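See below for the structure under consideration.
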Amino acid sequence: MDLDAVRTFAAAAEAGRFQDAAVDLSITQQAVSKRIAALEKSLGARLFTRTARGAVLTGEGEAFLPHARELLLAEARALASVRTGPLRVDVIGRRLCPAGLLREFHETHPEVALEVVTLFDTATAAIRAGSVDASFRAVVELPDDLDAQRVFDEPLQLLCGPAHPLAALSSVTPAELAGHRIWMPGVVPGTEWGTYYAEFAAAFGLSIDAAGPNFGTEVVLDTIAESADVATLVGARSRILWPAGHDLRRVPIENPTPVYPHSLVWRRGNAHPALAELRAHLRPGARAGATWLPGWAS
């Protein structure tokens, strides 16, 4: 099986659009289409349905996705067994805050060989196996052989369309979000982010709606742009782009400001010289006072 095609499939499944996957992988959209077409031919199954809003996984695509991630993890383990090389760091998504933190590290330390990967829910196993050196996670529970360092508290923002009743405000409080529909189909129970948002909702009496198939960020943006009722939550440093006609609003949440606690996680005893440089670069300064964190991150 062509692992470049498998990697491209996983990237497209995450991004929800072939065009965005091409940007994330630094290849052309045509290359994305060709790789996925070749993978579908080798599997004898259609993995995506193309729509005007993006690429939606078929039932076969949904079934294949966890196995694709395991294949990529196996590849990483195989490479780690026979070579030492660049510092390999996992991020949940290439458009989210941790990827930006890594980009800043690279700009400050261009001499450090760095490889950025996206392993989703297999990151902890990859760190323990030695196939990646570190990962950015919100630490809920940590195995004894791993260590973590809190590196960045990212404020949350409300993202809504121009007709939403909160769109014109310069900021909102968490209590003011109560009674409004907050749609986040990417929040999966049992994940670290699912745990975070569940505790956030309970703390302030909010209703976070994770229902419906997750067709990707673009469908969420289309929906909230057209709605006076639906909004979503995003990190202040998330790189989210939308068509100019959407006129979406990013409204800061304050008093208190809910922050997502990003930590760097690594295996104890990992002696990669660049890991120490990354940890020193990411050492946080003073923390803001008027913030909200879940109990397990305080």
Practice prompt. Mind listing whichever residues of region 123-160 are surrounded by fewer than 21 Cβ atoms within 10 Å (Cβ to Cβ) and β-branched (Val, Ile, Thr)?
Written response: Thr124, Val139, Val140, Val151
Worksheet, complete the sentence: Within region 253-286, restricting to residues that are out of contact with any Lys or Arg (no Cβ under 9 Å at 6 or more places or on another chain) and small (Gly, Ala, Ser), the one that is nearest to Ala178 (Cα to Cα) is Ala286
Worksheet item: Within region 227-247, which residues are assigned to a loop (DSSP other than H, G, I, E, B) and over 19 Å from Arg17 (Cα atoms)?
Response: Ser227, Ala228, Asp229, Ala236, Arg237, Asp247
Worksheet, complete the sentence: Of Glu75, Glu60, Glu14, the only residue that is closer than 17 Å to Arg95 by Cβ and among the charged types (D, E, K, R) is Glu14
Practice prompt. Give the residue that is modelled with the lowest pLDDT, with candidates limited to residues of region 227-248 that are within 18 Å of Tyr260 (Cα to Cα) and either loosely packed, with under 13 Cβ neighbours inside 10 Å or of a type outside the set (A, V, I, L, M, F, W, C) (or both).
Written response: Arg239
Discussion item. I need the full set of residues from region 93-144 which are in contact with a His (Cβ under 7 Å, 6 or more places away or on another chain) and assigned to a helix (DSSP H, G or I), in order please.
Written reply: Cys97, Pro98, Phe105, Thr108
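The values are calculated or read from the model by the stated rules, or taken from the named source; none is laboratory data. Small disclaimer: the values here were computed from a predicted structure and weren't measured. Ideal geometry is used to build each Cβ from the backbone, glycine not excepted, and the neighbour counts take in all protein chains shown.
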